[in-house]
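I'd like to ask some things about the structure below.
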Amino acid sequence: MTLVLESIQKRMGSFTLPNLDLEVKEGEYLVLVGPSGVGKTVLLEIIAGLLNPDSGNIFWRNRNVTSCAPERRGFGIMYQDYALFPHLTVFQNIVYGLNSRGLPRIDVKERAISAAEMVNIVPFLERLPDELSGGEKQRVALARALVVAPELLLLDEPLSAVDMHLRRRLQRELKRIQEQTGTTFVHVTHNVDEALTLGHRIGVMLDGHLRQIGPPEEIFRKPTDREVARFLGMRNIFAVRVGGQGFCEANGVKIHVGERPVPYRHIWIRPEEIILSREAFESSARNQFRCVVEDWDYQDILVRVVVALENLRLSVMITYKSFDKLGIDRGVELMATFKSSAVHCF
Amino acid sequence: MFLETRPTVFHLILLLLGSLLLLFIIAPLARLMLATSSSELSGAFGDEELWSSIWLTLRAAGIATLIGSMFGIPLAYLLARARFPGRALVLGIIDLPIMIPHSAAGIALLAVIGRHSLAQKVSGPLGIQFVGEEAGIAVAMAFVSVPFLANAAREGFAAVPERLEKVARTLGATPSRVFFTISLPLAWRPILSGMVLMWARGISEFGAVIIIAYHPMTTPVLVFQRFNDYGLTYARVAAVVLILVCVVGFTILRFLTRPARREAK
């Protein structure tokens, strides 16, 4: 383990980080995801040495760095608002860290240029931060942080200040740069999609606790509890009564789940795995219900349709094309079909 | 701005009240200027006592400002950044000199820089005398005017986002390097304007100065002495010359410290 946080505690006003343990692997891209206000920024500042924890220890490559000053820790940080020095040009921003370390002038220039090339900002070197767009600022902040070759880069909501299209592009760029430099990244965000796209591993933080950490597939497939699942935007989570072999009852609706280790108290049916159709059809899927469309809304590139089967409300994700083809509107009667293996029990 | 919309009765009331206040400031000064004939003014140019007092006043206030800044700027930075118990008390202490009557401030100062004070015993061998000396005048000016600098500088530092300093630390800068390369360059405008205010307040100080040093005479003291000894007309010329010097000086300084115009994107 490269970075180990051991029982970190911090109280700040009304906010507390109760007792946090975290391990970060060498060269990984770790994304901590959680709603706003759970102390993700505080955690990053504690790692960087900008805030002292009330108790607990921080180890970097087996060395205790808890009381080490930020400038000697050598962890870079990148904030949501980029925190570019407004009185310095892009070039001066980038070389700030190199000059602080007293590097020879000739090396400084060379390294600054190559960092600027990596993030494609060479044409802006003489501009002031105020003259840059959001995306450009983000690249400058990245170049400034990376030029000093930090072994660990902390990213605090680095993409939340840019629009969706740019965000996608910058996500790819972050991923590429992380792979290219091999720097360990710890990135915090409230955006689940961003976490899934970027993280080698994802940590879910709720009320100051790290509730679950693991590869994206694992988090998504096996959320440890209902709150994690709900936060991750997982719709269709129901409390159930286990009803004998291979099925359970959710709000009075009998659902086939196949062979499952008992006990479990909740089920989760992925909205993408439910099929909507006009008529009933023969298939291997064990669950098929008559339902009524209650509502629908646009979700990025898909449409989320809420259907009611008796007392159970299911969210179903379908494409625009299917949406038109099925002639969906409120009150339309449809069939909802899903396999028992699409039901996740926990 | 509301001037770009249709003015309402409310706006007219604001305008009326504001204009009256401006008139209140301008009228006495204008009256003073107009009452002074050009022959009186030209006579003042040969008045060596007056010019040496003006020079003394500007210089003593300047020294007070520089020394006040040396201690006031670090304190302002601390107060802008550190949260500690008793911070509110420190802020209150800084404002004290504005609140207490300045003649009382002069008396209080006399106790610590007077002829038999500890400060005088320490500085005496170095050739520094306070009472009746320029050094004493500067101390009196500094005491009453340093709050203006300390408060302006504190606000200036507080307006610098703390994140900039944090980022600089993670980039390898020590706290002192952060101060000199980030905080100070970004806060210099409010600091300089605080220095100008402090200097101006020092120049205009009368109460505390006259108690520490009647001689050598600063211009406010000279105006008072001439008013007492020779009457209004004679005192007025000295007052007008000092006001003119100040107005010209501060206009230049305001111009130099004006906020930079943002370039069009």
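Given (1) within 20 Å of B:Ala208 (Cα to Cα); (2) out of contact with any helix residue (DSSP H, G or I) (no Cβ under 9 Å at 6 or more places or on another chain), identify the lone condition not met by B:Ala119.
With respect to (1) within 20 Å of B:Ala208 (Cα to Cα); (2) out of contact with any helix residue (DSSP H, G or I) (no Cβ under 9 Å at 6 or more places or on another chain), B:Ala119 is out only on (2).
Another question, then. Would a scan of the stretch B:121-132 turn up a residue that is part of a helix (DSSP H, G or I), of a type in the set (D, E, K, R), without any contact (Cβ under 8 Å) to a residue 24 or more places away in the chain and within 14 Å of another protein chain (Cβ to nearest Cβ)? Reasoning before the result, please.
From the stretch B:121-132, those part of a helix (DSSP H, G or I) are B:121-126; that's our starting set.
Remaining after also requiring of a type in the set (D, E, K, R): B:121.
Narrowing further to those that are without any contact (Cβ under 8 Å) to a residue 24 or more places away in the chain: B:121.
So of that shortlist, the ones also within 14 Å of another protein chain (Cβ to nearest Cβ) come out as none.
No, that holds for no residue.
Output the number of residues of the stretch A:262-315 satisfying the condition of being part of a loop (DSSP other than H, G, I, E, B), of a type outside the set (Lys, Arg) and either farther than 24 Å from A:Val242 by Cα or within 22 Å of the chain's Cα centre (by Cα) (or both).
Filtering the stretch A:262-315 for residues part of a loop (DSSP other than H, G, I, E, B) gives A:262-265, A:270, A:274, A:278-286, A:300-301, A:310-311.
Right, trim to of a type outside the set (Lys, Arg) and you get A:262-264, A:274, A:279-285, A:300-301, A:310-311.
With the extra rule that they be either farther than 24 Å from A:Val242 by Cα or within 22 Å of the chain's Cα centre (by Cα) (or both), the set shrinks to A:279-283, A:300-301.
Total satisfying the criteria: 7.
Read through the list (1) surrounded by 18 or more Cβ atoms within 10 Å (Cβ to Cβ); (2) touching a residue at least 12 places away in the same chain (Cβ under 8 Å), then give the number of the only condition that A:Phe247 fails.
Evaluating A:Phe247 over (1) surrounded by 18 or more Cβ atoms within 10 Å (Cβ to Cβ); (2) touching a residue at least 12 places away in the same chain (Cβ under 8 Å) leaves (2) as the failure.
Let me ask something else. Let me spell it out: the conditions are (1) facing chain B (nearest Cβ under 9 Å); (2) in contact (Cβ under 8 Å) with a residue 40 or more places away in the chain; (3) not small (Gly, Ala, Ser), and A:Glu28 meets all of them except one. Which number is the exception?
(1)
So which residues in the stretch A:31-65 are assigned to a loop (DSSP other than H, G, I, E, B), out of contact with any Phe, Trp or Tyr (no Cβ under 8 Å at 6 or more places or on another chain) and more than 14 Å from chain B (Cβ to nearest Cβ), if there are any at all?
First pass over the stretch A:31-65, keeping only residues assigned to a loop (DSSP other than H, G, I, E, B): A:34-39, A:49-54, A:61-62, A:65.
Next, only the ones that are out of contact with any Phe, Trp or Tyr (no Cβ under 8 Å at 6 or more places or on another chain) stay: A:36, A:38, A:50-54, A:61-62.
Result: A:Ser36, A:Val38, A:Pro53, A:Asp54, A:Arg61, A:Asn62.
Suppose we keep only residues that are more than 8 Å from chain B (Cβ to nearest Cβ) and at pLDDT below 95 within the stretch A:79-89. Which one would you say is nearest to A:Lys137 (Cα to Cα)?
Step by step, filter the stretch A:79-89, then rank; the result is A:Tyr82.
Could you say whether any residue in the stretch A:90-107 is over 30 Å from B:Phe180 (Cβ atoms) and within 14 Å of another protein chain (Cβ to nearest Cβ)? Talk me through it step by step, then tell me what you get.
Here is the first cut: in the stretch A:90-107, the residues over 30 Å from B:Phe180 (Cβ atoms) are none.
No: zero hits.
Since B:Ala200 meets every condition but one in (1) small (Gly, Ala, Ser); (2) away from chain A (no Cβ under 14 Å); (3) assigned to a loop (DSSP other than H, G, I, E, B), which condition does it not meet?
In the conditions (1) small (Gly, Ala, Ser); (2) away from chain A (no Cβ under 14 Å); (3) assigned to a loop (DSSP other than H, G, I, E, B), B:Ala200 misses (3) alone.
Looking only at the stretch B:187-197, count how many residues are surrounded by fewer than 21 Cβ atoms within 10 Å (Cβ to Cβ) and within 11 Å of chain A (Cβ to nearest Cβ).
2
Hey, among the residues in the stretch A:215-247 that are at positive phi and not polar (S, T, N, Q), which one's farthest from the chain's Cα centre (by Cα)? Walk me through how you get there before you give the answer.
Quick first cut of the stretch A:215-247, residues at positive phi only: A:233, A:236, A:244, A:246.
Subsequent filtering for residues that are not polar (S, T, N, Q) retains A:233, A:244, A:246.
On the way: A:Gly233: 11, A:Gly244: 37, A:Gly246: 34 Å.
Here the residue is A:Gly244.
In the set A:Arg144, A:Arg139, which member is within 11 Å of chain B (Cβ to nearest Cβ), among the charged types (D, E, K, R), under 28 Å from the mean Cα position of the chain (by Cα) and in a helix (DSSP H, G or I)?
Details: A:Arg139 fails: within 11 Å of chain B (Cβ to nearest Cβ).
Answer to the selection: A:Arg144.
The values are calculated or read from the model by the stated rules, or taken from the named source; none is laboratory data. Here the structure is a predicted model, which is why all the values come from computation and not from measurement. So basically every Cβ, Gly included, is an ideal-geometry build from the backbone, and we count neighbours across all protein chains shown.
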